[in-house]
Structures are given as C-alpha cells and as structure tokens.
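Notes follow once the structure below has been shown.
The values are calculated or read from the model by the stated rules, or taken from the named source; none is laboratory data. The structure displayed is predicted, hence computed values, not measured ones. Using ideal geometry, Cβ is built from the backbone for each residue, glycine included, and neighbour counts are taken over all protein chains shown. Heads up: the accessible areas ignore ligands, DNA and RNA and are worked out on the full protein's heavy atoms, side chains in. Shrake-Rupley method; radii C 1.70, N 1.55, O 1.52, S 1.80 Å.
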Amino acid sequence: HARIESLHNQGTDKVTGRLGVLVVSADGVPLTGTHRPPPIRHVIVNVDGTELRTGPAAPGPAPLWDEEFTFLVTARTETLQLALVDAAGHPPMVEGKTSISIPSLGVSPTPRE
C-alpha cells in the first residue's frame, strides 16, 4: 500500500511530498532446509537512497510485518525498491527483490493537513 502527501513544489530537487509505504506480509516464501538456522526475514525498503528495514518476522511461508514507513520525495523520485532478506546467514541473503515505478502506482497526492 502506498500514498503520497503533497508538501510544496519548489523545483525538481526540493522535497515535494511524502511517500507512505505499508509493508504488510509476503506469501509463498519457501521454507529453508534443516542445514541452516531458521530464517530471520526483514524487508528493506529503498527510496532515493534512503534505506529502511522492517523488524524480523516469524519464520514460515507467510511472514507478517505490518509496518509503515514514510519517505520524503522530490519530482525526480521514480522508484520504490523492496528486498526480502534472510538475516540468519552470514552474510545475509537476499531472497527476492523488486522495483516499483512510483508513477505506475496511480496514487495522487493528498493535501497536507
């Protein structure tokens, strides 16, 4: 889930809004073999080089986080990146990742209250 809140519009490199990102859950995540410790899964959310991480989810095929993040965005902000990471291993292992075009989300700015 994503929403954008308008702040102000002062050129392309200035902050123009806030992007809210709600990380709820994942589905169909494969279970690991018995040779590894149980997975400690986090989601890393990246917008314009600002990287935030969820807390760990309980092991299983449908991890649940239900965490919300807010990013400041500009008119040049194009991409929201998400990565599912298993932090139990050394080094941590990226289990999946995706990039989402922010304009493709079809969200329109909401007025600031």
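Residues being open to solvent by less than 50 Å² (accessible area, probe 1.4 Å) and on the phi < 0 side of the Ramachandran plot: count how many of those fall in the range 50-71.
Qualifying residue count for the region: 7.
Across the range 82-100, the number of residues qualifying as open to solvent by 50 Å² or more (accessible area, probe 1.4 Å) and out of contact with any strand residue (DSSP E or B) (no Cβ under 6 Å at 6 or more places or on another chain) comes to 2. The residue that is modelled with the lowest pLDDT, among those in the range 61-87 that are under 16 Å from Ile100 (Cβ atoms) and of a type in the set (Phe, Trp, Tyr), is Phe71.
Being open to solvent by 50 Å² or more (accessible area, probe 1.4 Å) and either part of a strand (DSSP E or B) or modelled with pLDDT of 80 or more (or both) is not true of Arg36.
So, in the range 39-83, of the ones that are of a type in the set (A, V, I, L, M), in a loop (DSSP other than H, G, I, E, B) and in contact (Cβ under 8 Å) with a residue 24 or more places away in the chain, which residue ends up nearest to Leu19 (Cα to Cα)?
Ala75
Scanning the range 72-81 for residues that are of a type outside the set (Lys, Arg) and open to solvent by 70 Å² or more (accessible area, probe 1.4 Å), which turns out nearest to Glu95 (Cα to Cα)? Applying the filter and picking the extreme gives Gln81.
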